[in-house]
Every structure is written in C-alpha cells, then in structure tokens.
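The values are calculated or read from the model by the stated rules, or taken from the named source; none is laboratory data. What you see is a predicted model, and the numbers here were worked out from it, not measured in a lab. Here the Cβ positions follow ideal geometry from the backbone for every residue, glycine too, while neighbour counts run over all protein chains shown.
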Amino acid sequence: MRVIGLAGWSGAGKTTLVTRVIPHFLQQGLRVSVIKHAHHAFDVDVPGKDSWRHRQSGAQEVLVSSGQRWALMHELRGASELLLPELLAKMSPVDLVIVEGFKSEPYRKIEVHRIANGKALLFPDDPGIVGIAADATLETALPVVHLDDIPAVAAMMQRSAISVEELLARSASEA
C-alpha cells in the first residue's frame, strides 16, 4: 500500500482533483482509497436515525452495515485526534491511498495551487511537498503540472507515493 497526499489552501481544488484522478487510477486497474481531513465538527450520520441515536446515547463505536456498504463511526469523546499514521493503520489494503489535507503532518504530498485563491504557496515552508499541480506556470525546482492534466497529475502522484511502511518509519523517527 502506497500513500500520497494533496495539500493546499481551501478553494484550491483538492477535492475536485481527487474526484478526477480516481477514475484515471481505476482505469489503470488500481484500487484507491482516500483519507480526508476535516477541520470542523462533521457528521456522516443523520440525526434521528438509529445509528445516530446509538452514538448520542454514548456508544464509543457504531458500525452500520448493509448489502451495499458498511461504515464505522468512532467517537473520540474528548480523546486526541488521530495522526495520519494511526488512521492509515485502520485502512484496508489498497494500491494507493490519497490523503487530502493533513498539511501540517510530515508526509509526501503534492501541493494543489490555484492562482485565483490569492494565497501563498505552501512548498517553501513544507519539505514534504514534492510537486505542484497548479493552474499557472510557476518558477521552482519542484516538478509542476497543470491541474487539468489528469494523466500528468496521476503520474506525479504515483512517482511520489511512498509505502505505508516508509511513512510509519519516518513518523516513528520524528517522534
């Protein structure tokens, strides 16, 4: 299992890029999963449904299963947010895990940059950034591809991805 991240400011197009690159990887026969970091309180459950009521009553975990999918919701109940290596350990094995967000964690990532956002580039201050997908030409020694060139973005992601084991070893050495 290999891991590559996409990092950038809100509005840069990270989610759109992920939804465009996944079908490209699927056409290549790869199995892909995504870990998405949310900066705010979010809920994947519907208030009033049984699973919501179970969580509201204090259950630590609620697993909902059907013939179409299953979902495990885990309440932190005041515990610390999990770090990326801890979350990766919970994933089922696939060929590639795309991480969206977690821009402050030290792992390999492609910066997604949109000029219209008016935000500064992240890469000068983040040694984990190994390439940039942007909507403009940039002067940098890092590889740069256009946001709309999905085959080029996918190739950059595959070249830059590292194994989960390597990511875990890096995280352990930095701890």
Count of residues meeting criterion [outside any helix (DSSP H, G or I) and of a type outside the set (G, A, S)] in segment 153-168: 1
Subset of segment 55-72 (residues that are touching a Ser or Thr at 6+ places or on another chain (Cβ under 9 Å) and among the basic types (K, R)): none
Those residues of segment 3-21 which are crowded, with 17+ Cβ neighbours inside 10 Å and under 12 Å from the mean Cα position of the chain (by Cα), in sequence order: V3, I4, G5, L6, A7, G8, K14, L17, V18
Any hit, segment 37-48, residues being surrounded by fewer than 17 Cβ atoms within 10 Å (Cβ to Cβ), under 16 Å from K109 (Cβ atoms), at pLDDT below 90 and not hydrophobic (A, V, I, L, M, F, W, C): yes
Some residue of segment 79-86 being of a type in the set (G, A, S), more than 25 Å from W9 (Cβ to Cβ), surrounded by 10 or more Cβ atoms within 10 Å (Cβ to Cβ) and modelled with pLDDT of 85 or more: no
Residue list for segment 103-142, restricted to those being assigned to a helix (DSSP H, G or I) and either exposed (fewer than 14 other Cβ atoms within 10 Å of the Cβ) or within 16 Å of the chain's Cα centre (by Cα) (or both): I115, A116, P124, D125
